[in-house]
Structures are given as C-alpha cells and as structure tokens.
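S.K.: Please see the structure below; I have some questions.
The values are calculated or read from the model by the stated rules, or taken from the named source; none is laboratory data. Worth saying up front: this structure is predicted, and the values here are computed from it rather than measured. Here the Cβ is made from the backbone with ideal geometry for all residues, glycine too, and neighbour counts use every protein chain on show. The accessibility values were calculated without ligands, DNA or RNA, using every heavy atom of the protein model including side chains. Shrake-Rupley method; radii C 1.70, N 1.55, O 1.52, S 1.80 Å.
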Amino acid sequence: MRIVLCYPVEPHHIAQIQAAAPDFEVVDAGQERIDELLPTADIFIGHAKVPVDWDRVLKANRLRWIQSSAAGLDHCLVPGVIDSDIVVSSASGLFAPQVAEQTMTLLLDLIRSQGRFNRANSRHEFIRLPTDDLRQKKVGIVGLGGNGRRIAKVLKPFDVSIVATDYFSFDPPAEVERLLPADAVDEMLAEVDIAILALPLNAQTRGMFDADRFAKMRPGSYFINVARGQVVVESALVDALDSGHLRGAGVDVTEVEPLPDESPLWDRENVIITPHVGAQSRWRVDDTTVMVCENLRRFQAGESIYNTVDKQLGFPSPEVVWHG
Ligand SMILES: NC(=O)c1ccc[n+]([C@@H]2O[C@H](COP(=O)([O-])OP(=O)(O)OC[C@H]3O[C@@H](n4cnc5c(N)ncnc54)[C@H](O)[C@@H]3O)[C@@H](O)[C@H]2O)c1
Ligand SMILES: O=C(O)[C@H](O)COP(=O)(O)O
C-alpha cells in the first residue's frame, strides 16, 4: 500500500506520517513527479499544482482516498473522481487562523486608506487623508465554515456587527448575530457595509458575484474575497468600483492567477491585492501533518475522517470540520 504526497514536507514530516501509517510506503512526489506517481497511490495527500491525468489515475483503479492539503477542492473534484468510490477530504478550517489574519490585513488596509498611503510613501509624500472606520460597521460573511467562523471571531472585538449566510443551517457562534440560508445572500448584501467571501468554488458558486449581485450591495460598501477568484466575475467587480458603487475591494484571490499585468485591478488606490497567501504560515506544513496523521489513524481504524466531503456538494458539513 502506498501513500503519495506532494505538499512541501521535510524529512521529519515524512517520519511522522510513516509512524502514523507503518504498513504504508510513503513516497514524496513533490510537484515534479505527481502525474507519474499518482496512478500508483492508494492514498494521495496534497494539492497538485500541475495538470493531473485523472483518467489515467481512475483507470489504474488503485486510489482510495484523496486528502487535499488545500481547503478548496477545485483541484481534484473532477467529474470522474466525483463519480468514483474515492473518498475525498479537504483541509477545511486548517488555515482559518491565517486566513482570518489575511482578511484583517485586507480590510484594515482598505478602510484605513493604506493603499493611498503606500503609493504616497513610494513618492516620499507625507499626505494626511481622512480615513474610514471599521467600528460600528455591519459585516456580512458569505460562508460560515472554518474560515468564516474564525474571521467572525477575530473581527468582533473591532466593535462591528456580523451576519452570515451558509449552505447549512446551524446555531451560529456568539459573534454572529444572524445566520441566513445561502439563498438569502442578496438580502444580507443589502444590509451590510462589508461583504467577505469565505465560501468554496463549485458549480453553484462559480461567477456568483456578477453585475446583478454587486448591484445588490449597498452603495459605498466594501468587498473582500479570501475564497476563490472565480466566484467573482472580475469585470463586474471592476465596473462596480469604476462607478463608485463599491468604495473598495480587498482580494487575496483573483479570477486568473497570477493576476495578469493588464488587469484593471492593479494601480487602483481603493483595491488591495495580496497574491493568494491566505493559507501561508510558518506552521502550515506542521499543522497539516498533524491533521494528516490523525486522519491516517482514523482511516486505518475504519473511523470517520475529518473534513470528508459529500463529493456532490464539494465541502464538508460543520460537524466534521477540523478545528485543530
Ligand atoms: N485565500 C486562501 O489562501 C484560502 C485559504 C483557505 C481556503 N480558501 C478558500 O476558502 C474556502 C473556504 O475555506 P474553509 O476552510 O472555511 O472551508 P469550509 O468547508 O470549512 O467552509 C466553507 C463553508 O461555505 C459554506 N457554503 C457552501 N456553499 C455556500 C454558499 N453558496 N453560500 C454560503 N455558504 C456556502 C459551506 O456550507 C461551509 O460551511 C475554501 O473552499 C477555499 O476555496 C482560500
Ligand atoms: O484552498 C486553500 O486551502 C488555499 O487556497 C490554499 O491554496 P494553496 O495550497 O495554493 O496555498
């Protein structure tokens, strides 16, 4: 039995995984050998950044479990995998602390005019501009999973009120005043000053923030995306910024990555861009390995695996999300 992995492990992480699954051969494919080695895997752990020939993997008929090292599963939930018996689990919630910090970075930079100050600083200009305030704002979080909940927890002490939407119905944490169903997103957008996207990319959410949806947002509101760029029709976001309907946007993810040189999102003082670094952390690989080892133990014991997804939905239910 073979585990093939491709997240950036060091030898001590491999030793940890080997100890958790002594009967398995553990092979570090890196990104370079992933396409070659995936058909030989019983378990795959990682996030392939290179094209994978999934037909070949499915034909080999060996793979039993994909443990994604990313929360987003758009890299592996292809139709053949969805229709197969392969179990798929995500890294949902694993990066919640750093995604929440990234959200705060984008939000505070935007509201406190840091984009303008950075540009002025690069010209050695000491300008004093009025800024906006975070306190007393109403925030709407679209997707109250691992990331959304942590964002709510970190935001609340800034004296904001928070509402959210989610696909599932559950008792929200104390920081969230009201949890609405996913299809009430327009109702929520009409009442908030800041919308934060923390939902997965799937067939239902691709292009969900288009011109009609941006028009539902309150005039002068802010938009933050720490989810996936393709949930947004970026030309519609640009139009909403150009018209002044939106006051600003902070994006860690964009429709095309890297963001093309000619994108109108560059060079705007009211847009803060970070290069998809929401999951980055000095502890990322260590934390991932802890979850991987616990899930390996559960897999071998025939117990339920954290973050197992209903493959038709593409995301895990709140009861199984990993909270560290
Ligand atoms: N910027 C980054 O580096 C970064 C890091 C981690 C995750 N992500 C993205 O963020 C997403 C969320 O991550 P997570 O760890 O919180 O995952 P998660 O699975 O814990 O949470 C996703 C939540 O979204 C909800 N949801 C699904 N469809 C919805 C809809 N139409 N409207 C409202 N809610 C909906 C789900 O019910 C779930 O509670 C991931 O799928 C990934 O694409 C980005
Ligand atoms: O979905 C995620 O977990 C993040 O977007 C991280 O993606 P990455 O593996 O490319 O950093």
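S.K.: When only residues in the range 74-86 that are of a type outside the set (A, V, I, L, M, F, W, C) and not in a helix (DSSP H, G or I) count, which is most open to solvent (accessible area, probe 1.4 Å)?
M.R.: Asp85
S.K.: If only one of Ser122, Ser113, Ser89 is over 22 Å from Arg282 (Cβ atoms) and surrounded by fewer than 18 Cβ atoms within 10 Å (Cβ to Cβ), which one is it?
M.R.: Ser122
S.K.: Given the criteria open to solvent by 10 Å² or more (accessible area, probe 1.4 Å), in a helix (DSSP H, G or I), among the hydrophobic types (A, V, I, L, M, F, W, C) and not assigned by TED's automatic domain parsing to the domain that holds Cys6, does Leu106 qualify?
M.R.: Judged against the criteria, Leu106 is not a match.
S.K.: Identify the residue in the range 33-52 that is assigned to a loop (DSSP other than H, G, I, E, B) and within 16 Å of ligand 1 (Cβ to nearest atom) and, among all such residues, is most open to solvent (accessible area, probe 1.4 Å).
M.R.: Result: Lys49.
S.K.: Out of Leu155, Leu180, Leu201, which single residue is part of a loop (DSSP other than H, G, I, E, B), out of contact with any Cys (no Cβ under 7 Å at 6 or more places or on another chain) and aliphatic (A, V, I, L, M)?
M.R.: Exactly one of Leu155, Leu180, Leu201 is part of a loop (DSSP other than H, G, I, E, B), out of contact with any Cys (no Cβ under 7 Å at 6 or more places or on another chain) and aliphatic (A, V, I, L, M), namely Leu201.
S.K.: From Val88, Val99, which residue is within 16 Å of ligand 1 (Cβ to nearest atom), in contact with a Cys (Cβ under 7 Å, 6 or more places away or on another chain) and in contact (Cβ under 8 Å) with a residue 40 or more places away in the chain?
M.R.: Val88
S.K.: A follow-up question, please. Can you name the residue in the range 295-324 that is touching a residue at least 40 places away in the same chain (Cβ under 8 Å) and assigned to a helix (DSSP H, G or I) and, of all such residues, is farthest from Tyr7 (Cα to Cα)? Explain how you work it out, then say what you get.
M.R.: Looking only at the range 295-324, we keep the residues that are touching a residue at least 40 places away in the same chain (Cβ under 8 Å), and these are 295-297, 299-300, 305-309, 311-318, 321-324.
Subsequent filtering for residues that are assigned to a helix (DSSP H, G or I) retains 295-297, 299-300, 318.
Details: Asn295: 16, Leu296: 16, Arg297: 19, Phe299: 19, Gln300: 21, Pro318: 25 Å.
Only one residue tops the list, namely Pro318.
S.K.: Report yes if some residue within the range 180-192 is farther than 17 Å from Val99 by Cα and within 16 Å of ligand 2 (Cβ to nearest atom); otherwise report no. Please lay out each step first, then the result.
M.R.: Step one: filter the range 180-192 for residues farther than 17 Å from Val99 by Cα, giving 180-192.
Going one step further and asking which of them are within 16 Å of ligand 2 (Cβ to nearest atom), we end up with none.
No, because not a single residue in the range 180-192 is farther than 17 Å from Val99 by Cα and within 16 Å of ligand 2 (Cβ to nearest atom).
S.K.: Which one is surrounded by the most Cβ atoms within 10 Å (Cβ to Cβ) among residues in the range 298-322 that are farther than 11 Å from Ala91 by Cα and touching a helix residue (DSSP H, G or I) at 6+ places or on another chain (Cβ under 6 Å)?
M.R.: Only one residue tops the list, namely Ile305.
S.K.: Looking at the range 53-73, which of the residues that are in a loop (DSSP other than H, G, I, E, B) and away from ligand 2 (no atom under 16 Å from the Cβ) is least open to solvent (accessible area, probe 1.4 Å)?
M.R.: Among those residues, the one meeting the criterion is Leu63.
S.K.: Let me ask something additional. Please go through the range 217-257 and give me each residue that is over 20 Å from Gln98 (Cβ atoms) and part of a loop (DSSP other than H, G, I, E, B), ordered by number.
M.R.: Those that are over 20 Å from Gln98 (Cβ atoms) and part of a loop (DSSP other than H, G, I, E, B): Met217, Arg218, Pro219, Gly220, Val233, Ser243, Gly244, His245, Glu255, Val256.
S.K.: Among the numbered conditions (1) within 21 Å of Leu189 (Cα to Cα); (2) open to solvent by less than 30 Å² (accessible area, probe 1.4 Å), tell me where Leu259 comes up short.
M.R.: (1)
S.K.: Would you be able to tell me the number of residues in the range 74-95 that are under 15 Å from Ser317 (Cβ atoms), within 13 Å of ligand 2 (Cβ to nearest atom) and at pLDDT 95 or above?
M.R.: Number satisfying all stated conditions: 3.
S.K.: In the range 205-226, is there at least one residue being within 16 Å of ligand 2 (Cβ to nearest atom), in contact with an Asp or Glu (Cβ under 6 Å, 6 or more places away or on another chain) and open to solvent by less than 50 Å² (accessible area, probe 1.4 Å)?
M.R.: Checked against the condition, which is being within 16 Å of ligand 2 (Cβ to nearest atom), in contact with an Asp or Glu (Cβ under 6 Å, 6 or more places away or on another chain) and open to solvent by less than 50 Å² (accessible area, probe 1.4 Å), the range 205-226 yields at least one hit.
S.K.: Of a type in the set (D, E, K, R), away from ligand 2 (no atom under 16 Å from the Cβ), under 23 Å from Ala100 (Cα atoms) and modelled with pLDDT of 95 or more: is that true of Arg297 in this structure?
M.R.: Considered against the rule, which asks whether it is of a type in the set (D, E, K, R), away from ligand 2 (no atom under 16 Å from the Cβ), under 23 Å from Ala100 (Cα atoms) and modelled with pLDDT of 95 or more, Arg297 comes out as no.
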